[in-house]
Amino acid sequence: MNAGIIGIGRYLPKKIVTNKDLEKIMDTSDEWIKTRTGIEERRIAEDHIDTSQMAFEAAVKALEDANISAEEIDLILVATVTPDQPFPTVSCMLQEKLGAKKAAAMDISAACSGFMYGMITAKQFIESNSYKYVLVIGAEKLSKITNWEDRNTAVLFSDGSGAVVMGPVSEGRGILSFELGSDGSGGKYLYQDEYVKMNGREVFKFAVRQMGESCINVLEKAGLTKTDVDFLVPHQANIRIMESARQRLELPEEKMAKTIHKYGNNSSASIPIAIVEELETGKIKDDDLIVMVGFGGGLTWGAIAIRWGR
Ligand code: ACO
């Protein structure tokens, strides 16, 4: 029995900040941002909407989609580097808000790879028959740790959340293989003191290498090859990094999820947000072989090969 995704939902803040808006507050240009990152606009949460609220909105939709009640959830995992406060965790706040009475709850901190770490943690509990339903959420309010005077980072980051309910799925479907990894020696390239600090070039080099390798590794682990892949869902950090992973898998453009131009980089939320988008466009269908891959601060990375469907 494999663990898989049985319900999914997302929340995107209503407020849109375009590159032109950023031109007014810092020394940058729409042209620079578009060509270097692929971002045209991003979503920024209103002041009164914190990470837990965004996580809640996405979770409610995922539960509806899975057609199960909050009381049936055994475990809540929230991947975030922007919790409302250090503790209580976002996952505990959510447990109370949802009325998920029997659920254990914890946050996972693995930056932009957090959603991959969350899904793989959930898989262990489900496939060992310890738990049946696990709610996994990526939720970030990066705007509150962004220095709006630092053009190197401010143009990249955004807010949002995506949630999945994971549980047992029918034979042949669900997670087929995964890879998780970390390299603390690269921690100096991407970290938060008061705000996010980044050495963009070093992160870029790492991401290009790791995204491609992780995609190939999960396929090998599942006994599959590039030609088996129907769709790629990369972390939406930078279109050039995403393109390098797509080219490594020799996939045509239309077989890669792309939301970076509209939503920017919302860290652990980007993969589930992109999946919802591509389910709506009809590009992800039952029984498709999907590869998801992410990288982030830590440094951390993670990839999953999943046969879509319940
Ligand atoms: N507008 C205009 N100019 C800018 C801007 C901006 N917003 N930001 C930087 N520049 C300037 C730089 O100062 C530099 O000028 P200099 O040469 O005079 O010093 C010049 O543009 C070129 O900078 P590069 O670093 O060469 O630009 P690069 O092509 O590497 O693109 C970028 C920069 C987009 C940051 C890229 O390196 C990148 O995407 N790196 C990965 C970042 C990433 O994905 N981070 C998220 C990780 S996920 C997580 O865990 C949160």
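Below, the figures for the structure above:
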| read-out | value |
| --- | --- |
| Dipole axis of the chain (+1 Lys, Arg; -1 Asp, Glu on Cβ), positive-most option in ILE6, ALA105, ILE39 | ILE39 |
| Amide N of the range 239-283 lying under 16 Å from the label point, which is placed 7 angstrom from the Cα of LYS34 along Cα→Cβ | 239-240, 260-264 |
| Mean shadow area of the chain over all directions, Cα convex hull, nm² | 14.3 |
| In order through the range 120-128: 3J(HN,Hα) via Karplus (6.51 cos²θ - 1.76 cosθ + 1.60), integer Hz, x for Gly, Pro | 6, 5, 4, 4, 4, 5, 6, 6, 8 |
| Reach of LYS188 by Cα under 16 Å, taken over lysines that are not fewer than 8 positions away in the same chain | LYS197, LYS205 |
| Backbone N within the range 142-160 under 12 Å of label point (7 Å from GLN85 Cα along the Cβ vector) | none |
| Greater than 28 Å apart at Cα, pairs in LYS61/LYS141; LYS14/LYS101; LYS24/LYS262; LYS221/LYS285 | LYS14/LYS101 |
| Under the Karplus curve 6.51 cos²θ - 1.76 cosθ + 1.60, θ = phi - 60°, whole-Hz ³J(HN,Hα) for the range 174-189, x wherever Gly or Pro sits | x, 6, 9, 6, 8, 9, 10, x, 8, 8, x, 5, x, x, 5, 7 |
| Spacing of the two label points (7 Å from each Cα toward its C-beta) at GLU220 and GLU96, in nm | 4.8 |
| Within the chain, helix-based [θ] at 222 nm, where runs of 4 or more DSSP H residues each add -39,500 (n - 2.57), nearest 500 | -10000 deg cm²/dmol |
| Charge dipole of the chain about the Cα centre (unit charges at C-beta), most positive-ward option of LEU94, ASN217, TRP301 | ASN217 |
| Within the range 48-153: Cβ-based charge dipole about Cα centre, in debye rounded to nearest 20 (Lys, Arg +1; Asp, Glu -1) | 120 |
| About the Cα centre, charge dipole magnitude for the chain (Lys/Arg +1, Asp/Glu -1 at Cβ), debye | 320 |
| Calculated FRET efficiency for the pair ARG201/GLU243, C-beta based, R₀ 22 Å, to 0.05 | 0.80 |
| Derived scalar couplings ³J(HN,Hα) [the range 102-115; Karplus, 6.51 cos²θ - 1.76 cosθ + 1.60; whole Hz; x for Gly, Pro] | 9, 7, 7, 8, 8, 8, 10, 10, 9, 6, 5, 8, x, 5 |
| Net length gained if the chain between ARG310 and GLU171 were fully extended (0.36 nm per residue, minus Cα distance) | 49.1 nm |
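Where a number appears in this text, it was derived from the coordinates with a stated rule and is not lab data. Quick caveat: nothing in here was measured; it's all calculated off a predicted structure. Positions of Cβ are generated from backbone atoms using ideal geometry, with glycine treated the same way; all protein chains shown enter the neighbour counts.
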